[in-house]
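Below is one structure, written out as structure tokens; comments come after it.
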Amino acid sequence: MPKYLPIGLSIAIFLIFCVTLFTNTLNIPSFDDYDTTLGFIKRIFFDDYRAKGKFEILFGRHNEHRIVFSRLAAAAYFGVFHQVDFENLVFFQNLLLICFFKLMLKIMDQNRLLSGESVLFTTVFLFSLGFWQVTFFYWGGIQHYTVFFFCFLSLFLLDKSKSIKSFSFFLAILAVIIAVFSFGNGFLGLLLGAFLLFVQKKWPQLIVWSIITAILLWITFVLGSQVIDKHNVEFNFDWMKSLLLTFLGSFVYINPASNHYINIYFCMIVGTTVLFVWIWLFFKGYARQNPLLYCLLSMPVLTGIIISISRFESKAGGGIAPRYMFFTATIPVILLLIFLDMKILRRRHLRVLAYSGVLLWGIVFFNNRKALTEMNRDLAHRVIAWQEDPETRLIHYHEAKPYSEAMQWAVDNKVVKIPDLNEFRETESVQN
């Protein structure tokens, strides 16, 4: 194989990803955007709240999450441009994906595992369309990319910190605070950071970190806590297990038009392997040998456990939801680094895995681009129909009125400018 082929393929995949992003992103709100973005802008900039009320709105919960970063980003954009442009906000959030990619390369380099093939393998999974709902919609990516980037960054900086006074330790604290206020699983960075410091016997840093952890955990789980309505569904362990195992193996899901259940079963087999490997690494002592890589692997695994408990009623199908699959895209990358570090994999194995990954990327890209196109068409049709009839459901599984009113308010106050959607008008209309 030519020496520069892996790098050339990595650049090609990245450019295809970018072209797809710039040509398939719509400047219209969707799903959670009506509340978390438009509703937030209304409450902060237009409603008559005092400073205390605005502070509570900014830091208040959205379901079980605190999404301060996404709210601040939207508010900052509106404050500068006096309008919300979802297309530009999506481009901004994908800068965090690029930052995450660069961080993973830095971690590879630090562990002396950086090569053309390892870069290609990482590119295959981090610039995939498997998690297209995160990539192309503001309500997803701004939370998921942010929480993982800052959690991973915090762990990376903790690993480098030498003392309480070191700049790396200060930045690690700052990064984990941002993570905690970005999405619901951000608190895992606190627990994994404490574990890393404990294993490395950095006792002064651990004491300070523990105090900060206690405060942030109190804010996360106690301050302003609310009961989440689960429709009185009794917890079912089998459903939870199916979701967890599917989730952990979802990085090999290709969203096929047929054989859907066979693909899910394959994901469950892969996910079961991932779970056993994670447990095996702990008892083998790898968590002490290389706590950074083990903590990085633990982040998506523990995230899967949280999702499977809180969303157990969605069963195995919930494990392949595109809005969650960025979290699992990190699993094969980190496992590759661990197996290379343990000398279980050699350079010749890496080459086979990298080029097999390119094939997987191509299949995933083809199938999920169709899913993205269909979603964009549906969203555009709903907005077109809404312009003619405000009784149109802008979100298909919710009643029309609250979201129609939110959209009308945003248009009337020039918070949102609906783009020209003529390219979508030729196809069939939306059903309410």
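The values are calculated or read from the model by the stated rules, or taken from the named source; none is laboratory data. All figures in this text were calculated on a predicted structure; none of them were measured in a lab. With ideal geometry, Cβ positions are generated from the backbone for all residues, glycine too; neighbour counts draw on all protein chains shown. These accessible areas exclude ligands, DNA and RNA; they are computed on the full protein's heavy atoms, side chains included. Shrake-Rupley method; radii C 1.70, N 1.55, O 1.52, S 1.80 Å.
List of remarks:
- Across the alpha-carbon set of the chain, the Rg to Rh ratio works out to 0.96, Rh being the Kirkwood radius.
- In the structure shown, the pairs LYS102/LYS201; LYS106/LYS284; LYS102/LYS202; LYS106/LYS160 are assessed against 22 Å; a Cα-Cα span above that value is assigned to LYS102/LYS201; LYS106/LYS284; LYS102/LYS202.
- Peptides ranked, highest mean first, by Cβ atoms within 10 Å: ranges 346-352, 40-46: 40-46, 346-352
- With every protein chain in place, the chain: carbon and sulfur % of accessible area (1.4 Å): 62
- For ARG66, the residues whose amide H sits under 5 Å from its own are PHE183, GLY184, ignoring neighbours fewer than 5 places away on the same chain, with H placed 1.01 Å from N.
- A dipole drawn for the chain from +1 and -1 charges on Cβ atoms has a positive end, and of GLY318, THR135, LEU336 the residue lying farthest that way is LEU336.
- Reported value for the stretch 234-363: 107 Å³ per residue, from the convex hull of its C-alpha atoms.
- Other residues lying with their Cβ under 14 Å from the Cβ of ASN255 contribute a combined charge of +2, Lys and Arg counting +1, Asp and Glu -1.
- Kirkwood-type radius of the stretch 305-387, with distances r between different C-alpha atoms, in Å: 16.1
- For LYS414, the lysines whose Cα falls under 25 Å of its own Cα, not counting residues fewer than eight places away in the same chain, are LYS42, LYS54, LYS401.
- Fully extended contour minus Cα-Cα distance, from ARG346 to PHE424, at 0.36 nm per residue: 23.1 nm
- The angle separating the long axis of helix 347-388 from the principal Cα axis of greatest extent in the chain is about 10 degrees.
- Take PHE92: with every protein chain present and a 1.4 Å probe, its accessible area is about 80 Å².
- When the chain is described by a simple charge dipole with +1 on each Lys and Arg Cβ and -1 on each Asp and Glu Cβ, the residue from ILE67, GLY189, ASN413 located farthest towards its positive end is GLY189.
- With all protein chains modelled, accessible area of HIS396 [1.4 Å, Å²]: 100
- In this Cβ point-charge picture (+1 for Lys and Arg, -1 for Asp and Glu), the chain has a dipole of about 2240 debye about its Cα centre.
- Probe 1.4 Å, accessible area per residue of the stretch 101-234, Å²: 41
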